[in-house]
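Report on one structure; see the data block that follows.
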Amino acid sequence: MDQPADFRIEGRREPVLALTGDWTATGLGRAPERLAAALRGEVAGRLDLSGLGRFDTSGALVLARQGRATPQTSGLDARPDVARLLALVEARYPEQADGPAPKPAERRHDWHVLERLGHGTVHFLVDAFYTFAFYGRLLAALARLAVHPSRFRLAPTTALMERAGLDALPIVAITNLFVGATIAFLGADLLAQFGAQIFTVELIGVAVLREFGVLITAVLLAGRSGSSFAAELGAMKMNQEVDAMQVIGVDPFEALVLPRFVAMLLMEPLLTFVAMISGLAGGILVVWTVVGLSPAFFLQRLLDNVGIRHFWLGMVKAPVLAVIIAAIGCRQGFEVGGDVEQLGRRVTSSVVQAIFAIILVDAVFAVLFLAIGL
């Protein structure tokens with residue numbers, strides 16, 4: 001436990017400065033100010049270190065600022081560590097030993113917030129640039145694949161379709177089932193105030209087919225499959241497997257990115273279709289039990305008033321969102337450095353960026369569809 005630093009001055013003609021306690025960074029407290037006030041510019045002729053505990057460069061800096069006698073006359077032989085630290089501090093900070101401590105510069109303006117904002121803006125623009133560059137490489141790889149179809153790797157693509165697509169089927173179906181049921185509950189309760197509960201069917205159909213089916217599926221895949229893409233490729237970068245592939249003449253982009261891209265592109269529409277069916281099933285259950293409309297009536301009214309148009313408007317978004325999820329996940333994986341901290345940051349960035357891009361693209365689609373009257 002630290003003992004507070006203290007001192008006493010003995011003698012008049014040749015003052016002796018007796019140090020007690022721990023003269024360390026944590027034990028100094030107000031001792032430097034009290035010492036400066038007690039000496040009043042004078043220099044102690046000798047040092048009494050019999051009561052001194054621990055000593056570090058903070059204590060040495062305090063003594064150097066006040067001035068001291070030479071080691072031969074100050075009684076430092078009993079504590080050679082103190083002599084070494086005093087010599088080190090005086091050699092490193094001679095200006096501190098010759099005079100009082102300089103006053104800290106006054107900070108006139110606080111630009112910290114603007115600095116962070118500038119760094120964030122530059123980071124966002126640089127990240128956007130490299131993302132578009134990655135899309136360019138992806139298009140070039142697809143063009144090479146179209147010219148040489150034999151270079152397509154079917155086995156890893158099939159395995160990724162199962163792992164990133166079919167394995168996600170239960171969570172996608174269950175989540176959208178509850179989403180459809182929630183929309184039905186809220187819609188039926190709200191429309192009952194106007195005596196229009198029958199229009200719950202149209203609300204469920206448009207919401208699930210046009211928006212929530214594809215949106216919830218894309219968000220789930222971004223958190224599940226997109227993050228796994230980033231983690232897998234990042235681990236390969238950390239283990240230098242990607243560099244080894246380049247050395248033996250294998251293009252990592254064709255071997256690692258294209259199978260994941262194709263698997264996501266094929267499985268996203270399938271999962272979106274399952275999500276729409278599950279969302280409608282949840283709505284049917286709620287409408288049947290709460291409103292009292294039979295499933296046959298629900299489906300007939302859905303076909304008559306909602307139609308197939310909203311289904312295709314939702315399905316059109318699926319391939320675009322699949323490209324976003326796969327590209328962002330793979331790109332973040334390739335950006336991983338050589339440590340685990342970088343891996344964690346890139347996996348987190350892949351999920352955050354993918355979800356942000358999904359919501360942004362969905363909003364763009366909504367505005368575009370409304371502008372052209374769909």
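Structural remarks
- Condition met for VAL336 (among the β-branched types (Val, Ile, Thr), more than 19 Å from PHE132 (Cα to Cα) and in contact (Cβ under 8 Å) with a residue 60 or more places away in the chain): no
- Filter pass, ALA146 being farther than 27 Å from THR348 by Cβ, among the small types (Gly, Ala, Ser), at pLDDT below 90 and assigned to a helix (DSSP H, G or I): yes
- Flag if ARG345 is in contact with a Phe, Trp or Tyr (Cβ under 9 Å, 6 or more places away or on another chain) and in a helix (DSSP H, G or I): no
- Qualifying position, being small (Gly, Ala, Ser), surrounded by 13 or more Cβ atoms within 10 Å (Cβ to Cβ) and out of contact with any Leu (no Cβ under 8 Å at 6 or more places or on another chain), among ALA173, ALA141, ALA181: ALA173
- For region 152-197, residues that are of a type in the set (Gly, Ala, Ser) and under 15 Å from GLY213 (Cα atoms) total 5.
- For region 86-108, the criterion of being more than 27 Å from LEU47 (Cα to Cα) and at pLDDT 75 or above is met by no residue.
- Residue list for region 324-342, restricted to those being surrounded by 18 or more Cβ atoms within 10 Å (Cβ to Cβ) and assigned to a helix (DSSP H, G or I): ILE324, ILE325, ALA326, ALA327, ILE328, GLY329, CYS330, ARG331, GLN332, GLY333, PHE334
Conditions tested, residue by residue: (1) surrounded by 13 or more Cβ atoms within 10 Å (Cβ to Cβ); (2) at pLDDT 90 or above; (3) among the β-branched types (Val, Ile, Thr).
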| position | (1), (2), (3) |
| --- | --- |
| LEU125 | no, no, no |
| ALA128 | no, no, no |
| ALA133 | no, no, no |
| PRO156 | yes, no, no |
| ALA164 | yes, no, no |
| LEU190 | yes, no, no |
| ALA207 | yes, yes, no |
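The values are calculated or read from the model by the stated rules, or taken from the named source; none is laboratory data. What you see is a predicted model; the values in this text were computed from it and never measured. All Cβ positions, even for glycine, are placed from backbone atoms using ideal geometry, and neighbour counts span all protein chains on display.
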